[in-house]
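A.B. asks: Supplied in structure tokens, the structure appears directly below.
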Amino acid sequence: MKQKFSLLIKSLKLVRSSAPGWATANVFLSLLRSILPLLLLWLIKLLIDKITGASGSGQFTSEIIVLIILTASVYLIDEISADLSNMVRKNQSVKLESYMYDLLHRKSVQLDLINFERPEYFDILSRASAEAPWRPNSILNNVISLIRGLASLLLMTGLILTLNWILALVLLVVNIPGVILRLRYSDELYSFRRKQTPEARKSAYFNWLLTGDRPSRELRLFGLGEYFRELFRKSFRKQKEEELEIIRKRSFIEMISALFKAAAMLFVLIFIAERTVTGKISLGEMAMFLLAFRQGMTYIKDVLASVSGLYEDSLFTGDVFTFLSLEEKIRAEEPLVSVPGDPGRITLKEVSFTYPGNNDKTIDKVSLDIGKGEVIALVGPNGAGKSTLIRLLCRLYDPDSGSVEIDGKGIRHFDPAGYRKLFSVIFQDFMLYNLTAGENIRLGDTGRDESSAVSRAARSAGIDSVLGSLPEGYDTVIGNLFNDSRELSWGEWQKIALARSLYRDAPVLVLDEPSSAMDADTEYEIFSRFRELVKGRTVILISHRFTNVTLADRIIVMDRGRIAESGTHQSLMSDRGMYYNMYTKQSSRFE
Ligand code: ATP
């Protein structure tokens, strides 16, 4: 309970920091709105009594007129404050939503890449992003309704107490079973949703397969629509049936508690009618007490709904805070060392790494020394660990043992963001950004905005003329997501990704299968000028095309996470080992 309370406080602090002005206005209006109904009831009582007194006289006394005007004015203020309150709440929730998204995005961008290899991470992320934008606001609104409801309830109970204490007691007691039941079901619903997150992610995935852009072609060609629809239906049904069962149970029990309330109302009606008929209370008082009782029941309902809402909120915000408090392990370690502006030798010492959940080491005691300006080719069969080695080098992951050093300094002592500035990488699964062509290249270095360098990079990657011929040239939005955008071929996208990596003026260039989708002419053109393109940079090239690999100063052959061979093309050929076999198999197809 203490933990839930502290989560509520934390959430309220978030609400306050996201929009302090709107939050204050919200609280103020809500309190104002708790007093107005009571005032209205009191005025109605006075009015009825005055009208009853004047009944049959045909006279509209000035007192009656004043009371009518006052009642109408309070009613108007109540209505206006309700509208104002809605407007304030909406403004506040928009601010809060944007604030919460920003917190989530900031965290998501900062988190270690290794988190993205763990399904549990996606479970937390999916719960946090579903709840974060609105839960803290729901907490504020529930707290306000609670305070308002309690204040109004106290006033109403006080009023009813003046008539009879039993009525006041009935009003309070009759609602207690409801709150207990709701709290129980909040717990049940929460643990159910928690359990269901992986299933919910599964249905979201099938939904994407059915509606997404990337799967759309293969889905049609292989006729997979019905297959995935069935998978979606099954997963969705599994998820919802249990939830509906819980909600069914809850509704049934709520109906029973409504019976109690109706019985209470019956009792009160008889009681007040008897008092009125026997002349113990006036007609105005009768109307006031009946309305007060009815209002009181509504307030109790609000108070109970707020209490159970707050309880539910505290359960769900726990996930948001769990996500926000996930810690980054990849950070600069003491003693801090500044990142060299012009790095020289890169050394990997006995580096080993295993992906979470895998049994075998993906990288197994790899040691490697790369000189400044050297062009290294990494080759080896699929799954040998080439891409993983690059991620370790760029410190996207930390090795389980061993170290990576630059000029003899361990990279763990550098600021990770600063360290990554030393690298420009084209990944095998490079990104397609549905932005302008120019932006797609400039994203290589957002701190630099040089059109001449953008077109130079595009020229080097062999995509300059294609981009120049687009309707708005480099300002054309590419991709197929937005209006007025132009889709490119896969090879053209890859050329843009290459241009992006060349645009980034980093001393180390990593190219992971940079030309796998390129036409022969472009590939030939790029690799004939390769030395010139990468001049002055240290280069690591991963490729399965041996014609490109032969350009390297040194070739490293990886196999099952280890370095199997290393040397120049000539030396490896004369060794007649793994490289020789791979090379001759590939080249024999051209002979
Ligand atoms: P390819 O030539 O096919 O690109 P590669 O040499 O680049 O292969 P890696 O992508 O480094 O190979 O993968 C090495 C091994 O690590 C693979 O066998 C794969 O099973 C495992 N692996 C890769 N990524 C992950 C991951 N995210 N989680 C768990 N295991 C992974």
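The values are calculated or read from the model by the stated rules, or taken from the named source; none is laboratory data. Just so it is clear, the model here is predicted, and its values are computed rather than measured. Ideal geometry is used to build each Cβ from the backbone, glycine not excepted, and the neighbour counts take in all protein chains shown. Side chains are part of the model used for accessible areas, which takes the heavy atoms of the whole protein and leaves out ligands, DNA and RNA. Shrake-Rupley method; radii C 1.70, N 1.55, O 1.52, S 1.80 Å.
A.B. asks: Separation between the Glu327 and Asn382 pseudo-spin-labels, each 7 Å from Cα along Cα→Cβ, expressed in nm?
C.D. replies: The answer from the label model is 3.9 nm.
A.B. asks: Calculated FRET efficiency, Thr446 and Ile176, Cβ-Cβ r, R0 45 Å, to nearest 0.05?
C.D. replies: 0.15
A.B. asks: Using 0.36 nm times the number of residues separating Asp575 and Asp78, minus their current alpha carbon distance, what extension gain do you get?
C.D. replies: 169.8 nm
A.B. asks: Can I ask one more? Tyr524 to Arg220: FRET efficiency via 1/(1 + (r/R0)^6), r the Cβ-Cβ distance, R0 35 Å, to the nearest 0.05? Each step should come with its number before you reach the end.
C.D. replies: On the way: r = 35 Å, r/R0 = 0.99.
Efficiency, from the Cβ-Cβ distance: 0.50.
A.B. asks: Mind giving me the nanometre distance, one decimal, between the label points for Glu97 and Leu12, set 7 Å out from Cα along Cα→Cβ?
C.D. replies: Reported label-point gap for Glu97 and Leu12 is 2.5 nm.
A.B. asks: Compute the angle between helix 225-277 and the longest alpha-carbon principal axis of the chain, please, reported from 0 to 90 degrees and rounded to the nearest 10.
C.D. replies: That works out to roughly 20 degrees.
A.B. asks: Between Ala151 and Arg459, what is 0.36 nm times their sequence separation minus the Cα-Cα distance? Round to one decimal in nm.
C.D. replies: 103.7 nm
A.B. asks: If you find the alpha carbon centre of region 37-82 and of region 156-216, how far apart are they in angstrom?
C.D. replies: Going from one Cα centre to the other spans 39 Å.
A.B. asks: Keeping all protein chains in place, calculate the accessible area per residue for region 459-591 (probe 1.4 angstrom), answer in Å².
C.D. replies: With the other protein chains kept in place, region 459-591 gives 50 Å² per residue.
A.B. asks: Considering only protein heavy atoms and a 1.4 Å probe, what is the carbon-and-sulfur percentage of the accessible area of the chain?
C.D. replies: Carbon and sulfur together cover 59 percent of it.
A.B. asks: Something else now. By per-residue mean of other Cβ atoms within 10 Å, what is the highest-first order of 291-298, 563-570, 197-204, 498-505?
C.D. replies: So the order, starting with the most tightly packed, is 498-505, 291-298, 197-204, 563-570.
A.B. asks: What pairs in Lys4/Lys421; Lys10/Lys361; Lys2/Lys329 have C-alpha atoms more than 31 Å from each other?
C.D. replies: The pairs that break the limit, which is 31 Å between Cα atoms, are Lys4/Lys421; Lys10/Lys361.
A.B. asks: Still on this structure: Pairs of Cα atoms under 8 Å, at least six residues apart: use those to get the relative contact order of the chain, whole percent. Mind dumping the intermediate values first?
C.D. replies: Values: 767 pairs, mean separation 85.0, N = 591.
About 14 percent, as a whole number.
A.B. asks: Report the FRET efficiency, 1/(1 + (r/R0)^6), for Lys301 and Asp475, where r is their Cβ-Cβ distance and R0 is 56 Å, rounded to 0.05.
C.D. replies: 0.45
A.B. asks: Here's a follow-up. For Lys535, give me every one of the lysines with a C-alpha distance below 16 angstrom, ignoring sequence neighbours fewer than eight places off in its own chain.
C.D. replies: Cα-Cα hits under 16 Å: Lys372.
A.B. asks: Can I ask one more? With a/c under 1.5 counting as rounded, go ahead and sort region 432-505 into rounded, prolate or oblate using the C-alpha gyration tensor (a ≥ b ≥ c being the square roots of the eigenvalues; past the cut-off, prolate if a/b is larger than b/c, else oblate).
C.D. replies: prolate
A.B. asks: Return the distance in nm (one decimal) between the two label points of a simple spin-label model at Ile166 and Ser489, each offset 7 Å from Cα along Cα→Cβ.
C.D. replies: With each label placed 7 Å out from Cα toward Cβ, I get 9.1 nm.
A.B. asks: Excluding same-chain residues fewer than 8 positions from Lys240, which lysines have a Cα within less than 26 Å of its Cα?
C.D. replies: Cross-link targets: Lys195, Lys202, Lys249.
A.B. asks: Can you tell me the accessible area per residue over region 258-387, all protein chains present, probe 1.4 angstrom, in square angstrom? Mind showing how you got there, number by number?
C.D. replies: On the way: 6150 Å² over 130 residues.
I get 47 Å² per residue for this part.
A.B. asks: By DSSP, what percent of the beta bridges with both residues in the chain are antiparallel, rounded to the nearest 5? Mind dumping the intermediate values first?
C.D. replies: Details: 18 of 36 bridges.
Just about 50 percent of them are antiparallel.
A.B. asks: For region 249-291 and region 405-421, what is the centre-to-centre distance using only Cα atoms, to the nearest Å?
C.D. replies: 75 Å
A.B. asks: Let me ask something else. Sorted by average packing, counted as other Cβ atoms within 10 angstrom per residue and highest first, what order do 436-444, 350-358, 53-61 take?
C.D. replies: 436-444, 350-358, 53-61
A.B. asks: Using only helices, what value at 222 nm comes out for the chain when you add -39,500 (n - 2.57) per DSSP H run of length 4 or more and divide by the total residues, to the nearest 500 deg cm²/dmol?
C.D. replies: So the calculated ellipticity at 222 nm is -21500 deg cm²/dmol.
A.B. asks: What is region 2-324's relative contact order, in percent, from Cα pairs under 8 angstrom and six or more apart in sequence?
C.D. replies: Values: 278 pairs, mean separation 110.5, N = 323.
Contact order relative to length: 34 percent.
A.B. asks: For the chain, give the magnitude of the charge dipole about the Cα centre (Cβ charges: +1 Lys/Arg, -1 Asp/Glu; no others), in debye to the nearest 20.
C.D. replies: Rounded to the nearest 20 debye, it is 1480 debye.
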